[in-house]
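Here's the structure, in structure tokens; my notes come after.
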Amino acid sequence: MISYISTRIACYNGLIVQAAINNLLPLFYVIIQRDFNVSVEKLGMLTAVNFVTQLLVDLFAAAFVDRLGWRRSICLSHILAVAGFAALSFLPGMIDPYMAVVISVIVYASGSAIIEVMVSPIVEALPSTDKGGQMALLHSFYCWGQLAVVLLSTVALAVFGEWLWKYLPLFWAIVPIVNFFLFLKTPLVIPDHVQEKKRLGSELRALFTNPMFLLMMLMMLCAGACELAMAQWASYFAEAALGTSKLLGDLLGPCMFALFMGAGRLTYSLAQRKPSPPQIVAMCAGLCIVCYAVAGLSGNAYVSLAACALTGLSVSLMWPCTFSYAASCLPVGGTAMFALLATCGDIGCALGPAVMGYIADLSSFRTALTSMTVFPMLLLAASVFVQTKRWRRN
């Protein structure tokens, strides 16, 4: 009997790579703003570039992944991640620093997009009696990766000095290097509908004519905005708006955010009796509304930081539960379905932080946080609507 332990480990490590890609650079925002003399809006644009790149790659992933093959595609993603991290360390000294950072982000974001599209269907295809729990466990490793990235990088900057930031990407490049070799040999289960190489056009028509899938797209967009708006700006908010030190702000903001998010996903994966995915998403959206409102309206810095951290729990199951529910409702959606859902998630990931930075520039960070409640409100409405309608499954 084939053991897929190495396959799961490789996929878990893949999400750690993605966590490093999405969460390392924001830790340097204050340093970059000072050293490169860029505005808050330009810092927000770095996050937007990251996720716009990911969504563009996601859009084409459905076409090239099945042609290139699952193994070649996932290995390519790790090569791009290593190249992007290396460029972030060396390129700012060769060309305009801000443009160097933008180029680096585009390269490693392309790798992140392919990882995002591939790891979920790879794990979904493996033999398991608890698909939803396995999906939640998989996505919990993004949180543990985020926690490790924020904690280790923040401590390193505090101990050795902020000059170290240019070399930290090289340290995190070790993870995709190791995982590249792991994915070269690990066994994969390729579903029959992927091996048949069905025409992409027919898959897309089937998906876009299904109202359930359209709702799932909206839910993924809102989930991405809810998660990344807080994850990307928590460190800056703690330092600039609340006046805390960088070390304390990172530990109480992004670190606690990742810890709560990982704990929520791990707890769900271990639970024997699980509420339905739409019910879980609705509960998470309700809690998220409260967290953003408290973070923005509270006059106490530590209450605001606590709300920022608790937002991690509120967003923990939005993404994996939506993915898992889509897979169960649309079992023949194939790579196209995962790619399109990932695209919508990345649109939210780009939109949330960008909107928050724009509002913060116009008004204040507290106003921006309060305004972000619109995304969990939309998510709550969509998840409730899913539960109150009877949908025909394709």
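The values are calculated or read from the model by the stated rules, or taken from the named source; none is laboratory data. This structure is a prediction, so every number in the text was calculated from the model and none was measured. Note that we place each Cβ from the backbone using ideal geometry, even for glycine, and neighbour counts take in every protein chain shown. The accessibility values were calculated without ligands, DNA or RNA, using every heavy atom of the protein model including side chains. Shrake-Rupley method; radii C 1.70, N 1.55, O 1.52, S 1.80 Å.
General remarks:
- Two-decimal Rg to Rh for the range 1-141 - Kirkwood Rh, Cα set: 1.04
- Cα shape, the range 302-355, gyration tensor, a/c 1.5 rule: oblate
- Here the gap between Ile5 and Asp130, fully extended at 0.36 nm per residue and compared with their Cα-Cα distance, gives a gain of 43.4 nm.
- Residue (of Gly348, Ala156, Gly44) at the positive-pole extreme of the chain, dipole from beta-carbon charges: Gly348
- Once each of the trypsin sites (Lys or Arg not before Pro) sitting in a DSSP loop with at most 11 other beta-carbon atoms within 10 Å is removed, the chain keeps 1-196 as its longest stretch.
- Modelled spin-label separation between Val303 and Val189, with each label point placed 7 Å from Cα along the Cα-to-Cβ direction: 5.0 nm.
- Put a dot 7 Å past the Cα of Ser363, heading toward its Cβ, do the same for Met283, and the two dots end up 3.2 nm apart.
- Rounded if a/c under 1.5, otherwise prolate or oblate - the range 19-75, Cα gyration tensor axes: prolate
- Among Gly352, Gly84, Gly299, residue whose mean-square fluctuation peaks in a GNM of the chain (springs only between Cα atoms under 10 Å): Gly299
- Remark: the Cα gyration tensor places the chain in the oblate category, a/c being 1.5 or greater and a/b not exceeding b/c.
- Residue-averaged 222 nm ellipticity for the chain, from DSSP H runs of 4+ at -39500 (n - 2.57), nearest 500: -26500 deg cm²/dmol
- Centroid-to-centroid separation of the range 19-37 and the range 292-340 [C-alpha atoms, Å]: 23
- Of the residues Ala156, Ala295, Ala306, the one that moves most in a GNM of the chain with alpha-carbon contacts below 10 Å is Ala156.
- Apportionment of accessible area to carbon and sulfur, the chain, percent (1.4 Å): 69
- Electrostatic dipole magnitude of the range 30-125 [Cβ: Lys, Arg +1; Asp, Glu -1; Cα centre; debye, to 20]: 180
- Between the range 219-233 and the range 136-174, the alpha-carbon center distance in angstrom: 20
- Ranking Ala229, Thr7, Ala263 by Cα position along the charge dipole of the chain, where only Lys, Arg, Asp and Glu carry charges on their C-beta atoms, puts Thr7 farthest toward the positive end.
- Per residue accessible area in Å² of the range 291-347, where ligands, DNA and RNA are left out and the probe is 1.4 Å: 23
- Compactness of the range 83-195 as Cα Rg over 2.2 N^0.38 Å, two decimals: 1.31
- Nearest-20 debye value, the chain charge dipole, Cβ charges on Lys, Arg, Asp, Glu: 1020
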